[in-house]
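J.: Quick one: structure below, then a few questions.
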Amino acid sequence: MSYSLRPFRDTDAPRLAEITRAAITSIGPHGYSPAQVVAWESRHQTADRFVARAAAGALIWVAVNAADQPVAYALLEVDKRGDGHLDMLYCHPDHTRFGLANQLLASAESHARTTGIGRLYTEASELARGAFERAGYAVTHRRDFDIGTAQQPVPIHNYAMEKLLD
């Protein structure tokens, strides 16, 4: 398959929301319980949220197929300390294992280096941890927390990870 990366366009937003849901519901069960997957999926982005985050300064790289349809994406924001927070990295289940996560992470890192960001960090799911480790991120600690509603908290975990840039 042929893919390329390009910047986010507002018209991509509905497709990115679909990619997020498809990844969580299809791939999520490989590392999380059914209740965890439902809770995780329920708290994720609506299409308008992508547009708002881009307008607020988040950078979103979109991997597209030959027809220019989004199939994966990464979202990077700069925090108050000037560090880069990779808040989202998702790939549609039909397009995994083609190196898209590696390409998206490399693009975010290249941007960070050229803009003087010295540290990238993320909260990686059980499933994304390997992609971040292959890109040189180190686990700083496991994060155990609850998601869901106050009446129905669901315990889940992810990994705080970081990469210091030279």
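J.: Check every DSSP H run in the chain and write down those whose alpha carbon atoms cover 20 angstrom or more along the long axis and whose mean Kyte-Doolittle hydropathy is 0.5 or greater.
T.: Once both thresholds are applied, what remains is 13-27.
J.: How big is the range 11-51 on each of its three principal axes, counting only the C-alpha atoms and giving the largest first in Å?
T.: The Cα atoms of the range 11-51 stretch 32, 15, 9 Å along their principal axes.
J.: Given a 1.4 Å probe and every protein chain left where it sits, what share in percent of the accessible area of the range 1-99 is carbon and sulfur? Please report the intermediate quantities before stating the final value.
T.: On the way: 2610 of 5030 Å².
For the range 1-99, the apolar C and S fraction of the accessible surface comes to 52 percent.
J.: Further question: Does the range 20-103 come out rounded, prolate or oblate, given a ≥ b ≥ c as the square roots of the eigenvalues of its C-alpha gyration tensor, rounded meaning a/c under 1.5 and, failing that, prolate meaning a/b above b/c?
T.: oblate
J.: Still on this structure, please answer the following. If you keep only loop residues by DSSP, which trypsin sites (Lys or Arg not before Pro) in the range 1-69 have at most 16 other Cβ atoms within 10 Å of their Cβ?
T.: Arg9, Arg43
J.: Bin all alpha-carbon pair distances of the range 65-137 at 5 Å intervals from 0 and give each bin's fraction as a whole percent.
T.: 3, 15, 28, 24, 15, 10, 4, 0
J.: With the cut-off at 1.5 for a/c, could you classify the chain from its C-alpha gyration tensor as rounded, prolate or oblate? List each step's numbers first, then the result.
T.: Working: a/c = 1.43, a/b = 1.14, b/c = 1.26.
Judged from the Cα gyration tensor, the chain comes out rounded (a/c under 1.5).
J.: A further question on this structure: Let me spell out the model: positive unit charges on the Cβ of Lys and Arg, negative unit charges on the Cβ of Asp and Glu, origin at the Cα centre of the chain. What dipole size does that give, in debye rounded to 20?
T.: Here the chain has a charge dipole of around 140 debye.
J.: Roughly how many Å² is the accessible area per residue of the chain, as a whole number, for a 1.4 Å probe?
T.: For the chain, the solvent-accessible area averages 52 Å² per residue.
The values are calculated or read from the model by the stated rules, or taken from the named source; none is laboratory data. As the structure is a computational prediction, the values presented were derived from the model and not from experiment. With ideal geometry, Cβ positions are generated from the backbone for all residues, glycine too; neighbour counts draw on all protein chains shown. All accessible areas refer to the heavy atoms of the entire protein, side chains included, with ligands and DNA or RNA removed. Shrake-Rupley method; radii C 1.70, N 1.55, O 1.52, S 1.80 Å.
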